[in-house]
Amino acid sequence: MEGAQLKAPADWDVRMDGATYVLSSPKDSAGASVGRGILDVAPTLALGTDDLATEAKGSAGGGYKKVERLADEKFGRTPFFHIRGTGGSLTYDQYGAVVGDDQVTITWSFNPDLANPEQIDTWINQVMPTFKFTG
């Protein structure tokens, strides 16, 4: 997608939904996925990761008691911001980067009643380190 690539493990479901990719975590014993990530690439006017993070944090507040910016991380030599929201009916983790004139965001949400924070981090960490930009 616009040169941005992520690789999901074989037991994940990956599909295109409009202009975005949806990566669903492995199914549980009842046959349901407990969470997903949405990869989106779009043009941006943000000057860098800090601008993009400020914009993303402001728009992430709906339904969450606390939305905070965590330490930036690098994936595929690309610096990403990380925003986490708590208190909603779903968990919220968003990673974002400015690559050229585009913004790349991966937004993760999981059902906290079906997955604990360690499981959620494990699933996210199976995918995020595979990020590569080939554009």
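Criterion first (at negative phi, of a type in the set (A, V, I, L, M, F, W, C) and surrounded by 12 or more Cβ atoms within 10 Å (Cβ to Cβ)) does L45 satisfy it? In short, no. Just one of (1) within 19 Å of Q126 (Cβ to Cβ); (2) among the acidic types (D, E); (3) free of Cβ contacts under 8 Å to residues at least 60 places away in the same chain fails for D28. It is (3).
Looking at the stretch 70-96, which of its residues are of a type in the set (A, V, I, L, M, F, W, C) and open to solvent by 40 Å² or more (accessible area, probe 1.4 Å)?
Of everything in the stretch 70-96, those that are of a type in the set (A, V, I, L, M, F, W, C) and open to solvent by 40 Å² or more (accessible area, probe 1.4 Å) turn out to be L70, A71, L90.
Within the group L52, L39, which residue is farther than 23 Å from K7 by Cα and either within 15 Å of the chain's Cα centre (by Cα) or open to solvent by 20 Å² or more (accessible area, probe 1.4 Å) (or both)? So that I can check it myself, show each step before the final result.
On the way: L39 fails: farther than 23 Å from K7 by Cα.
Only one candidate passes the filter, namely L52.
Taking the stretch 7-36 as the range and being in a loop (DSSP other than H, G, I, E, B), more than 14 Å from the chain's Cα centre (by Cα) and over 21 Å from I83 (Cα atoms) as the test, the residues that pass are P9, A10, D11, W12, G18, A19, P26, D28, S29, A30, G31, A32.
Residues of the stretch 59-69 that are of a type outside the set (K, R), surrounded by fewer than 18 Cβ atoms within 10 Å (Cβ to Cβ) and not in a loop (DSSP other than H, G, I, E, B): S59, E68.
Evaluation of Q103 against the conditions (1) surrounded by fewer than 19 Cβ atoms within 10 Å (Cβ to Cβ); (2) under 22 Å from N125 (Cα atoms) shows that the sole unmet condition is (1).
The values are calculated or read from the model by the stated rules, or taken from the named source; none is laboratory data. It should be emphasised that the depicted structure is a prediction, and the values quoted were computed from it without experimental measurement. Methodologically, a virtual Cβ is constructed for each residue, glycine included, from the backbone with ideal geometry; neighbour enumeration extends over all protein chains shown. The area values use the complete protein model at the heavy-atom level, side chains included, leaving out ligands, DNA and RNA. Shrake-Rupley method; radii C 1.70, N 1.55, O 1.52, S 1.80 Å.
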